[in-house]
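In what follows, a structure is listed as structure tokens, so that the remarks can point back to it.
The values are calculated or read from the model by the stated rules, or taken from the named source; none is laboratory data. Remember, it's a predicted structure, so these values are computed and weren't measured experimentally. Here the Cβ is made from the backbone with ideal geometry for all residues, glycine too, and neighbour counts use every protein chain on show. SASA here: full protein model, heavy atoms, side chains in, ligands and nucleic acids out. Shrake-Rupley method; radii C 1.70, N 1.55, O 1.52, S 1.80 Å.
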Amino acid sequence: MSQNGHARNGQHGNGQDGIGHAGNSHEHTGHVVSPHGSAIAVGSFALDGDEWFDVHEHGAHQLAWAPRGVLAVRAAGRTWVLPSTVALWIPAGVPHATGATCASLMRSLYFWPDRCPLTWETPQVVPVPGLLRELIGYLSQDGLSADARRRAEDVVLDQLRPVSVTTVRAPLPGDPRARRVAEALRADPADDRTLAQWGAEVGASARTLARAFTAGTGMSYGQWRTQLRLEAAMPLLAAGATVSAVARRVGYGSPSAFVAAFRRGVGVPPGAYFTRPSAGRAAPRPRPDGPAPTPPRPGP
């Protein structure tokens, strides 16, 4: 679970049905529609801000998505932040933790592997255009006829296409002195002290800290700090904060510098990642002006 979040234990694990929802354990926290003979089950779960399901895995493939709010998924040493414009495909058997950066509705689709033509072996980001959004809502209903469900399921599978974006990853280094620096920057990503200045505070030389970051994270200190700033920026942008305010909040001197860093780090500019295509209902998007909320402290 995240450092300042709370987890649900044993509620989202690998249960007897392959989804991880055995019996009626979710009658107060969620709802799963899984008619006999269907190829896709749909689960709906309300999550509070910074609430996480503990690490778990499923016997079915999962498409994690939030029609309302912002999801985050940790898997394979990476973190995905998912506004309602995108979802994450999680293959069966992949351990992962799922949570929310703000009050959210998580709507997960579960695909039985023996009836699913998709063979993606690693997590994949999938766009959610208007048609797919409406189909997911349609399949979340009880009482559909078997023929109606089958037709909708076929269209859902046809709509799933991965998009090339890079995950944001800012792991904590193992060295205790470097870890103190990392945790301080998680609390305030805009802190622009140099490694020499940090070293005077934690009792290590700049060179020692630089080596500790490289050894513990696989990145140079500068690369790691960029990843951390992007990780902190994601929930703010998804909540609709202005690009200029987010840039200042996470430590960039100008919006253009932040947009360039985002494009290099993620693969697309913020507007392409957070703006919904014209079909379907409007989604939160970076605003042209206004204050940014305080960035949450990303979890481990």
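On the given criteria, is Gln227 farther than 25 Å from Asp50 by Cβ and of a type outside the set (A, V, I, L, M, F, W, C)? No. In the condition set (1) more than 15 Å from Pro127 (Cβ to Cβ); (2) in a loop (DSSP other than H, G, I, E, B), Val55 is compliant with all but (2). Restricting attention to the range 99-114, the residues that are surrounded by 21 or more Cβ atoms within 10 Å (Cβ to Cβ) and either over 10 Å from the mean Cα position of the chain (by Cα) or over 20 Å from Tyr273 (Cα atoms) (or both) total 7.
Here's the yes/no breakdown for (1) open to solvent by 50 Å² or more (accessible area, probe 1.4 Å); (2) part of a loop (DSSP other than H, G, I, E, B); (3) among the hydroxyl-bearing types (Ser, Thr, Tyr); (4) over 20 Å from Val128 (Cβ atoms):
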{"residue": "Ala215", "(1), (2), (3), (4)": "yes, no, no, yes"}
{"residue": "Met219", "(1), (2), (3), (4)": "no, yes, no, yes"}
{"residue": "Gln227", "(1), (2), (3), (4)": "no, no, no, yes"}
{"residue": "Ala232", "(1), (2), (3), (4)": "no, no, no, yes"}
{"residue": "Leu236", "(1), (2), (3), (4)": "no, no, no, yes"}
{"residue": "Ala245", "(1), (2), (3), (4)": "no, no, no, yes"}
{"residue": "Gly253", "(1), (2), (3), (4)": "yes, yes, no, yes"}
{"residue": "Ala261", "(1), (2), (3), (4)": "no, no, no, yes"}
{"residue": "Ala272", "(1), (2), (3), (4)": "yes, no, no, no"}
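Scanning the range 59-82 for residues being open to solvent by 10 Å² or more (accessible area, probe 1.4 Å) and assigned to a loop (DSSP other than H, G, I, E, B) gives a total of 5. Residue count for the range 156-171, restricted to those that are open to solvent by less than 60 Å² (accessible area, probe 1.4 Å) and modelled with pLDDT of 90 or more: 4.
Looking across the range 128-178, the residues that are touching a residue at least 24 places away in the same chain (Cβ under 8 Å) and closer than 30 Å to Leu209 by Cβ come down to Thr166, Thr167, Val168, Arg169, Ala170, Pro171, Leu172, Pro173, Gly174, Asp175, Arg177, Ala178.
Name the residues in the range 125-151 that are aliphatic (A, V, I, L, M) and either open to solvent by 50 Å² or more (accessible area, probe 1.4 Å) or within 18 Å of Pro67 (Cα to Cα) (or both), would you? Val125, Val126, Val128, Leu131, Leu132, Leu135, Ile136, Leu139, Ala146, listed by residue number. Regarding Arg193, is this residue in a loop (DSSP other than H, G, I, E, B), over 23 Å from Val81 (Cα atoms), open to solvent by 60 Å² or more (accessible area, probe 1.4 Å) and free of Cβ contacts under 8 Å to residues at least 24 places away in the same chain? Yes: the conditions hold for Arg193.
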